[in-house]
Amino acid sequence: MRYRFTLLTLLAIGLLTSACATAGGGSRDVDRTEPPTMVRGPQPDWRLPSTPPKGMLLDLRVEVRVDSAGQPDIETLRVTGQGSTENQEAVRAWIRNATFQPASQAGRPVPGVFKTRIMLKAAVRRAG
C-alpha cells in the first residue's frame, strides 16, 4: 500500500512539473514566427493526371521560401504529390506571379517558408 502511495505521489509530481514546464511563459508567444501568406495570385491552369485513382484528381503540396520582403525564391520551390509532374510549370508561374505577406516575428518581417496543399476531387452525381 505504501509503495502504491509513493508511486502515485511521484506520478503526480512528475505531471505537475511537466505541466509547469510546458505552460506558456508570456515571452514565448512574442518569439513565435507567423508563416508567410499569399495575398493574391493568378488562378493556375491545373493539368489533371491521365489516370486519377479513386476520384482524387489532384493532391499537390507546395513549399517555397519567401524572403523578408515577400519575394518567393523560385529555386527553393518544391511541388510534390499526385499531379506534381503535370503541374510543375503551372505552380512555378503561379508562385512567381503571386504577392506574399512575409513571415513575421514579434511584428517584424522575417524570411519563412510558404506551404499550401491543393486538392481537387471528382464528384459523381446521378442524373435523373
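Working only within region 81-125, note down all residues that are small (G, A, S) and open to solvent by 30 Å² or more (accessible area, probe 1.4 Å).
If we filter region 81-125 for residues that are small (G, A, S), which is where we start, we get 81, 83-84, 90, 93, 98, 103-104, 106-107, 112, 122-123.
Result: G81, A93, S104, A106, G107, A122, A123.
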Just checking, does region 68-83 include any residue being closer than 24 Å to R47 by Cβ, modelled with pLDDT under 95 and of a type outside the set (G, A, S)?
yes
With respect to the numbered conditions (1) touching a Phe, Trp or Tyr at 6+ places or on another chain (Cβ under 9 Å); (2) surrounded by 10 or more Cβ atoms within 10 Å (Cβ to Cβ); (3) modelled with pLDDT under 90; (4) not hydroxyl-bearing (S, T, Y), which one is the sole condition not fulfilled by Q43?
(2)
Those residues of region 31-87 which are touching a strand residue (DSSP E or B) at 6+ places or on another chain (Cβ under 6 Å), in a loop (DSSP other than H, G, I, E, B) and aliphatic (A, V, I, L, M), in sequence order:
L48
Output the number of residues of region 78-119 satisfying the condition of being touching a residue at least 60 places away in the same chain (Cβ under 8 Å) and farther than 12 Å from R61 by Cα.
12
State yes or no: is T76 under 16 Å from P36 (Cα atoms) and of a type in the set (S, T, Y)?
yes
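The values are calculated or read from the model by the stated rules, or taken from the named source; none is laboratory data. It should be emphasised that the depicted structure is a prediction, and the values quoted were computed from it without experimental measurement. So basically every Cβ, Gly included, is an ideal-geometry build from the backbone, and we count neighbours across all protein chains shown. Please note that ligands, DNA and RNA were not included when accessible areas were found on the heavy atoms of the full protein model with its side chains. Shrake-Rupley method; radii C 1.70, N 1.55, O 1.52, S 1.80 Å.
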